[in-house]
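Everything on this sheet refers to the single structure shown next.
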Amino acid sequence: MSSIKTVGVVGTGLIGASWTALFLAHGYRVLVADPGEGAEKKLKANVQSFWPTLEELGLAEGASIDNYEFVGSSLGKRSAEVDFVQESAPERPDIKSKLLAELDNGTRSDVVIASSSSGIPSSQFIDQCQHPERVLIGHPFNPPHLMPLVEIVPHPKTSQTAIETARTFYASIARRPIVVKQEIPGFVANRLQAALLNEAYSLVSRGILSAEDLDAAVTTSLGPRWATVGPFMATAMGGGGGSNGFRHLLEHLGPAAQKWVDDMREHAFELTTENIDSLTRSVDKELQGKDLKELEAERDAKLVELFKRKGKQQRMRQDRIRLGTQMCSLVRPSGAVFLGRSGWVQDQNDSSKVVLLL
């Protein structure tokens with residue numbers, strides 16, 4: 001965003017460091033603060049470890065890994081220099097309440113203060129803010145420099161201007177912002193994850209299958225399908241396409257699925273020592289002979305490839321739309337331009353009309 005030049009990051013754990021690297025990769029100047037011992041050293045190490053992945057994804061013109069400054073335990077007077085704040089302090093309302101009051105007092109009143117809180121609504125820590133209307137949740141899916149999702153969760157007093165500023169800013173750094181219209185515990189992605197994990201833990205702890213086979217069930221079915229289109233579009237496609245397909249699948253498979261849900265409720269996972277021990281044994285078997293660092297590197301490489309491919313497809317769609325718009329301006333008033341497969345043809349019903357097929 002042209003109006004945002006400098007970003008303030010408060011908190012240099014893995015989330016804060018990941019945000020810092022992402023902002024740097026998109027050409028922003030970053031001021032970073034954290035009161036923790038050794039915070040500056042850890043920040044530098046983490047940013048350096050994230051940078052190769054960001055280079056592979058593509059850096060903005062002029063982006064530099066060195067374009068940040070660690071300013072100490074707090075932004076302090078340097079708060080006046082920032083145009084956007086990403087707070088990533090510990091997940092405690094008392095800490096965030098005090099910190100948000102300091103940021104609210106030190107920054108310009110038009111600066112959006114976004115919290116990376118993973119489940120605590122911002123209404124629980126804005127009690128000391130003079131300008132709560134510019135505070136909202138900007139919750140990333142970990143790690144922010146790699147995963148595109150950012151959940152924007154306003155509280156009842158958050159202004160529409162702040163929401164739109166955050167949405168535009170996150171989109172400008174290649175994130176996919178979504179707006180959660182009401183404050184709910186855990187927000188959206190974590191709740192979806194918790195729902196699936198609850199059933200996964202239940203199945204494995206009950207001995208229905210191993211952790212390894214459960215992981216395979218996700219990575220070879222729901223994972224790739226939902227990674228490309230999401231559950232709603234997958235349902236519509238599974239029912240034959242369009243909203244009618246969505247309705248068709250719900251009406252025909254919904255009753256059976258409801259019975260499955262009833263069974264899931266009956267066997268909901270309970271967080272007991274016995275169940276945790278059972279799950280841990282199954283995970284230990286899956287991990288035998290495997291190097292966790294190698295698994296993490298393989299995972300990240302696959303994610304980078306997926307996001308690069310999706311980014312390329314999105315750019316191609318945008319280019320097609322732009323080309324179609326440009327061609328519209330070249331066609332005489334009586335002409336028509338339609339988007340389809342590549343090529344130029346004449347309208348079969350009117351030879352004076354030119355049809356652009358993309």
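All of the numbers you see were taken from the coordinates with simple rules; none came from a lab. Note that this is a predicted model, so its numbers are computed, not measured. Please note: Cβ atoms are built from the backbone with ideal geometry, for glycine as well, and neighbour counts cover all protein chains shown.
Mean separation of Cα pairs under 8 Å and 6 or more residues apart, divided by the residue count, gives the stretch 189-288 a relative contact order of 38 percent. Start at zero, step by 5 Å, and the Cα-Cα distances of the stretch 137-293 spread as 2, 7, 11, 14, 17, 17, 15, 11, 6, 2, 0 percent across the bins. Converting the Cα gyration tensor eigenvalues of the stretch 86-133 into ellipsoid dimensions via √(5λ) gives semi-axes, longest first, of 16, 11, 9 Å.
I'd like the antiparallel share, as a percent to the nearest 5, of DSSP beta bridges with both residues in the chain. Once the DSSP bridges in the chain are tallied, antiparallel ones form about 30 percent. Each Lys and Arg Cβ is given +1 and each Asp and Glu Cβ -1; about its Cα centre, the stretch 6-179 then shows a dipole of about 140 debye. In this structure the amide hydrogen of V82, modeled in the peptide plane, comes within under 5 Å of no amide hydrogen from residues 5 or more places off or on another chain. Between L43, Q160, V112, the Cα set farthest toward the positive side of the dipole of the chain (charges on each charged residue's Cβ, about the Cα centre) is that of Q160.
Across the chain, C-alpha contacts under 8 Å between residues 6 or more apart give a mean separation that, scaled by the residue count, equals a relative contact order of 11 percent.
Taking a straight Cα-Cα cut-off under 26 Å and skipping sequence neighbours fewer than 8 places away in the same chain, the lysines within cross-link reach of K312 are K302.
Here the stretch 6-179 carries DSSP beta bridges of which approximately 15% are antiparallel, counting only pairs with both residues inside. Assuming 1.002 mPa s and 20 °C, estimate D for the stretch 56-108 with Stokes-Einstein, Rh taken as the Kirkwood radius over Cα pairs, in µm²/s. Using the Kirkwood radius from Cα pairs, D works out to 162 µm²/s.
Treating cross-link reach as a plain straight distance, find the aspartates and glutamates whose alpha-carbon is under 12 Å from the alpha-carbon of K42, omitting any fewer than eight places away in the same chain. In chain and number order, the partners are D34.
In a simple Cβ point-charge model (Lys, Arg +1; Asp, Glu -1; nothing else charged), the chain has a dipole of about 1400 debye relative to its Cα centre. Note on the stretch 103-136 and the stretch 6-40: Cα centroid distance 18 Å, given to the nearest whole angstrom.
When the alpha carbon gyration tensor of the stretch 16-64 is reduced to an equivalent ellipsoid, the three semi-axes, largest first, read 20, 12, 7 Å. One decimal place: the segment E298-E251 gains 12.9 nm when fully extended, by the rule 0.36 nm per residue minus the C-alpha distance. Bridging of K44 to lysines at a Cα separation below 22 Å is possible for K5, K293, once same-chain residues fewer than 8 apart are set aside. Residue exposure proxy: S210, S202, ordered by other Cβ atoms within 10 angstrom of their Cβ from fewest to most, comes out as S210, S202.
Each of the peptides 317-323, 287-293 was scored by the mean count of other Cβ atoms within 10 Å over its residues; in descending order, highest first, they stand as 317-323, 287-293. This model, with +1 at the C-beta of Lys and Arg and -1 at the C-beta of Asp and Glu, gives the stretch 189-288 a dipole about its Cα centre of some 440 debye. For the chain, excluding the exposed loop sites themselves (GluC sites (Glu not before Pro), DSSP loop, at most 14 other Cβ atoms within 10 Å), the longest remaining stretch covers 92-269. Over all Cα atoms in the chain, the spread is summed up by Rg and Dmax: 24.3, 77 Å.
In terms of other Cβ atoms within 10 Å, D83, D277 run from fewest to most in the order D277, D83. What percentage of all Cα-Cα pairs in the stretch 33-138 are separated by more than 24 Å? The calculated P(r) of the stretch 33-138 puts 32 percent of pairs beyond 24 Å. With R₀ fixed at 25 Å, the C-beta to C-beta distance from K259 to E212 puts the FRET efficiency at about 0.35.
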